[in-house]
Structures are given as C-alpha cells and as structure tokens.
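Structure first, commentary second.
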Amino acid sequence: MREPARFDEHLKSGELSVTILGNYFHNSFVLELAHTAKALSPRARQVFLCTAEYREALTPFLEANGIENVEYAVFDPSSPILLRWARDIAVGGGRAGERIIVVSPDKHAQSKETAEATADALQRILPDRHIRVAPFVFETGNLAFVETPRGRVLIAGRKIVFDNEAYQRRAWAAGHDSRALLEVAAETFEVDTVIVVGRAPTRPDTRMYFEYHIDMGMVVLRGNRAVVSRLEYGDRERAALFGAVDRRHPIITPFLTADMDAETLARVLSERLDTVVLEYEAYAAVLESLGVQVHRSPVGWQHVLASMSWTNVLQVGDRIVMPLYPDSLYGITKSTRSEGGLLEISLDVSAIGEERFELNGFNERNYGLYRSLGYEVVTAPEYLHYMMGGIHCLTNVLE
C-alpha cells in the first residue's frame, strides 16, 4: 500500500487500529467490541490498551471469535490514558514525509505530566512514529477534513472552543484565546482554513448537548463525499415526544431531574431538537459550499435523544463498519451527572441481553445508503449509545 500523505488519508486506510478499554468500559459491551474488532481483522493490526483484568478476559473471547493480529498494551487502571474514549486521543498525520500523530492533552489533567501520558503510551506502541502533544485540547470526533480547490479545510465543532476556554487557563497551557486557537489549529493540522460549526453561543447542559461531536451528525468520505444526518421533527414528532415524557418512556429517563416538571422537560427537549434540525442543515450547507457531494442519513428524534448516529462509523479502506441499533431500548441509562467536567453515567444493563438488532427500519435505510456509495458495509450491534458514545468513540483508526 502506498504511503498515506496526509492524516485524513491515514484515518481512512485502516492500517492500524487502537482500541482503548478504560474505567468507563462495561463488560456488557464486550460483544460490540468483538464485532467491531472482527470487522477490522485481518486488514488491521489491532492494539488494545487495557488493564490486565481486561486482557485476561478478552484474550480467549477474541480468539474464540477468530480475531487475529491482536496486541496488548497493559496499563495501570489509574493511568490517564484509560479515562478517555479512544476516539478522543489522537489523529494520524504526515508532515514533510514524516509519519506524525498529533495527540490532544488530557483536558481534565491536574498537571502537565499527566497531559503527556497519552503521547508516551502511543510512543511505546509506535516507536517509529513522531508523536507530539498539541498546545490545545481537541476530540477527534469533533473534527472533519475537506480537500477543496482553494486548499484544505478543517471543520470543527464549537465544543473545541468551549473546551479550550477552560483548558487554556491551566497554569501550563499556552493561554491561547479563541482567535489564536484557530490559527494554531490550522498550523498543527496542516490546513489552510478552520471553520467552526455549532449554534450554541455557550455550552448547554451536557446531557442536552445533542450536537456534542460533529461525527454524530456528519462524516466525510473518500471521493469528496459526505453523509450528513437529516432529522425530521415536525408537529407529529413533537406530539410523540411530549407523550413519551408524560409516560416516562425509558428513553426519557436520563433527562429526568428533580427540579424540572414534565411540561418543562418536554419543552426544553423539543427546543434542543429544533436546534439539532438546524445544526444538521448547517453541516450540509457548509460542506456543499466547499464543493462536497452531500448524502443524507435519516434519523428520528428518538435516535438523537439516545445518542444513536449512523454517521458515527468506521472507515476502513473500502469498508464501512456501521452501528446496528436496537429498536426496543430495553437497556436504560438511569442517570447522568457531570462532576468536574467528567461525565458519570449510571446504567441498568439487566435487560440488554434482550435487545434485538435487526437490519430493518433506519438501520436498513442507512445500510443501503452506504452500499449505494460503493462501500462494503459491515454491521456491529451498538450498545455504547447508552454511554453517549459509539463505534468511532471505541476504536481509533490511526493509519
């Protein structure tokens, strides 16, 4: 295979995947991990960063499922690298012929040393790569890169600004303001222009921030194409939402709070969904203005509330690993709480074994969409939406 010239090519070639199993990981989600790993193998060399406990449990399970090319990098449970999603760790890149990986510092770090733990860990796994820490924090699921006749463009979700407003005040941070941040981001990622998308003027409540990452609503593909979510939310859907709140449907459980009555909660959720409709249309408009051919991925309001997204996929060469979501939503996210910027999620996984993952409804429609774009589509049952995550958050395809 020819040497990828740029980091966005690395992300789409699937030469290497790195999967992080940290403190957030629940044993009930190991099936999703196995399906995702199998979809990548044997094309990808796979490296699992995990605790010794997870390695002991994973090894026989992966072997039984015929998953090969597996390596392990074992870390202490207290290591900072195990506190974040794999998708939030690094992007692969190339500069002047070098093989470079740019690493985001840990935005929750309490010292400069812990901010560099991820880079040190990746350097041990990839000794022949040049790895460096960016002077700002970013999450790879919140970045997209487009090649245009006028140059290379980085599209970033507004959360990158919110995160750096806090991080840049750290004693060891560079202290970049919003304007300098975009200039430094352009230099770091070797792009000509940075476009920030996102309608929120300030950071909304974490659980209500449905456009948390732009890869929950868009994905840029090879061939100057993209898939962007389309949310239909009109009077009929609004009535269904208000009814779900009144009935305390399980999908509403994560949003229930002691200080918000049912009518207020329904109104707040509805207003946020109205914003998401506009957000997705803005994604499509920005991409089209850059000359990208946009295809639309249908989603319902239930999917947005449940962190279900068919643009949160893995690109592995000519293959798309696509999430397969259950319609039943038996598993319940009981509550969410943000403590010091870290999201704590309480789950009831007692009924997850009863979930049915079938290729129908929105699963079938999005499966057909990616196939129509010329991809081999491999599906993986998706449980991580109960933790506000997805396939691309679990696995980071670096090269």
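Structure notes:
- Residue list for the stretch 222-244, filter: more than 27 Å from residue 283 (Cα to Cα) and open to solvent by 40 Å² or more (accessible area, probe 1.4 Å): 242
- For residue 247: the one exception among (1) under 16 Å from residue 301 (Cα atoms); (2) open to solvent by 30 Å² or more (accessible area, probe 1.4 Å); (3) among the charged types (D, E, K, R): (1)
- Some residue of the stretch 199-221 being within 30 Å of residue 293 (Cβ to Cβ) and surrounded by fewer than 16 Cβ atoms within 10 Å (Cβ to Cβ): yes
- In the stretch 278-309, the residue that is farthest from the chain's Cα centre (by Cα) out of those that are of a type outside the set (Gly, Ala, Ser), under 23 Å from residue 146 (Cβ atoms) and part of a helix (DSSP H, G or I) is 288.
- Pairs with Cβ under 9 Å, 6+ apart, first in the stretch 194-214 and modelled with pLDDT of 85 or more, second open to solvent by 40 Å² or more (accessible area, probe 1.4 Å) and not in a strand (DSSP E or B): 194/182; 194/183; 196/158; 196/178; 196/182; 197/158; 198/158
- Residue satisfying all of: in the stretch 161-193; aromatic (Phe, Trp, Tyr), farther than 24 Å from residue 224 by Cβ and in contact (Cβ under 8 Å) with a residue 60 or more places away in the chain; most open to solvent (accessible area, probe 1.4 Å) among these: 172
- Residue in the stretch 377-398 that is farthest from residue 302 (Cα to Cα), counting only those that are open to solvent by less than 10 Å² (accessible area, probe 1.4 Å) and assigned to a strand (DSSP E or B): 397
- Taking each residue of the stretch 240-257 that is over 22 Å from residue 209 (Cβ atoms) and without any contact (Cβ under 8 Å) to a residue 40 or more places away in the chain and looking for partners that are of a type outside the set (Phe, Trp, Tyr) and loosely packed, with under 15 Cβ neighbours inside 10 Å with beta-carbon atoms closer than 7 Å, six or more apart or interchain, yields 246/262.
- Among the residues making up the stretch 305-323, those that are hydrophobic (A, V, I, L, M, F, W, C), over 14 Å from residue 369 (Cβ atoms) and either open to solvent by 10 Å² or more (accessible area, probe 1.4 Å) or in contact with a His (Cβ under 7 Å, 6 or more places away or on another chain) (or both) are 306, 308, 314.
- In the stretch 142-160, the residues that are open to solvent by 20 Å² or more (accessible area, probe 1.4 Å) and at pLDDT 90 or above: 158
- Residues that are among the hydrophobic types (A, V, I, L, M, F, W, C), part of a helix (DSSP H, G or I), at pLDDT 65 or above and open to solvent by 60 Å² or more (accessible area, probe 1.4 Å) are absent from the stretch 17-30.
The values are calculated or read from the model by the stated rules, or taken from the named source; none is laboratory data. Given the structure is predicted, the values throughout are model-derived calculations rather than measurements. Quick reminder, even Gly has a Cβ in these numbers, built from the backbone with ideal geometry, and neighbours come from all protein chains shown. Side chains included, ligands, DNA and RNA excluded: accessible areas come from the protein's heavy atoms. Shrake-Rupley method; radii C 1.70, N 1.55, O 1.52, S 1.80 Å.
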